[in-house]
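Chemist: Mind having a look at this structure? Questions to follow.
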Amino acid sequence: MYRNKRKAFTMLELVFVIVIIGILSAVAIPKFAATRGDAVIAKAKNTVASIRSSIATERQKRILRGKFTPIFKLSKSKTLGDPIFDGIDGNTTIPALQYPPFSCKTSTSTGCWRETTTGTKGKPKSVYTYNMPISGSVLFTLENNTFTCPAKGTAPKNKYCRLLTQ
């Protein structure tokens, strides 16, 4: 009497498993890519909210001290690859963010911040650019102690600005 004792998978079983894995990966990989993009945008939203809160706090501290000078910049250095939002008016003892991110390594890097125009005490307007994770960018200005997107009227004109501020 001969008993059939299989010790391996048949070719048909292996092909079937490979097809199922292929289908699952075809569905899962785009979902993971979208999730990463959403996480990067959520981080940028959080950064905008934190910067605005930091500016408001510093402004209130200045008012309590009787000092009414506007905040004119949020970073010590404008150099790409250096920390950004690391010091109000360039003073790192008063950080805008407790754990400042690093600016873009290049001007074409994605999912990062960079300072494009630095304000001074005489000309207190700084411009910061956020390069979106996929394409496009958003300009934020620091002027009159506010960190906003340039807008026409009352609504932001850039769809990415609306995405990061609302």
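Values quoted throughout were computed directly from the atomic coordinates according to the rules given, and no laboratory measurement underlies them. Everything quoted here is computed from the prediction, not taken from an experiment. We place every Cβ from the backbone using ideal geometry, glycine too, and count neighbours over all the protein chains shown.
Chemist: Would you tally the net charge around Asn144, using a Cβ to Cβ cut-off of less than 11 Å, leaving Asn144 out, and scoring K and R as +1, D and E as -1? Walk me through the numbers on the way to the answer.
Modeler: Details: positive: Arg59, Lys125; negative: Glu143.
That sum, taken over residues with Cβ under 11 Å, equals +1.
Chemist: What net charge do the residues around Gly111 carry, taking every other residue with its C-beta under 14 Å from that of Gly111, with Lys and Arg at +1 and Asp and Glu at -1?
Modeler: Working: positive: Arg36, Lys43, Lys45, Lys105, Arg114; negative: Asp38.
With Lys, Arg at +1 and Asp, Glu at -1, the neighbours total +4.
Chemist: Given a cut-off of under 8 Å on Cα pairs at least six residues apart, what relative contact order in percent is computed for the chain? Please list the in-between numbers first.
Modeler: Details: 257 pairs, mean separation 27.1, N = 166.
Relative contact order comes out at 16 percent.
Chemist: Along the Cα→Cβ direction, 7 angstrom out, place labels at Thr93 and Thr146. What is the inter-label distance in nm?
Modeler: The modelled label-to-label distance comes out at 3.2 nm.
Chemist: Report, in cubic angstrom per residue, the convex hull volume of the C-alpha atoms of the chain. Before the final figure, lay out each step's value.
Modeler: Details: hull volume 30.4 nm³, N = 166.
Considering the Cα atoms of the chain, their hull volume per residue is 183 Å³.
Chemist: Between Thr120 and Ala26, what is the spin-label point distance in nm, taking each point 7 Å from the Cα along the Cα→C-beta axis?
Modeler: It works out to 6.1 nm between the two label points.
Chemist: Something else: Provide the packing ranking of 43-54, 78-89, i.e. peptides ordered by the mean count of other C-beta atoms within 10 Å per residue, highest first.
Modeler: On the way: 43-54: 16.2, 78-89: 19.1.
Highest to lowest by the protection proxy: 78-89, 43-54.
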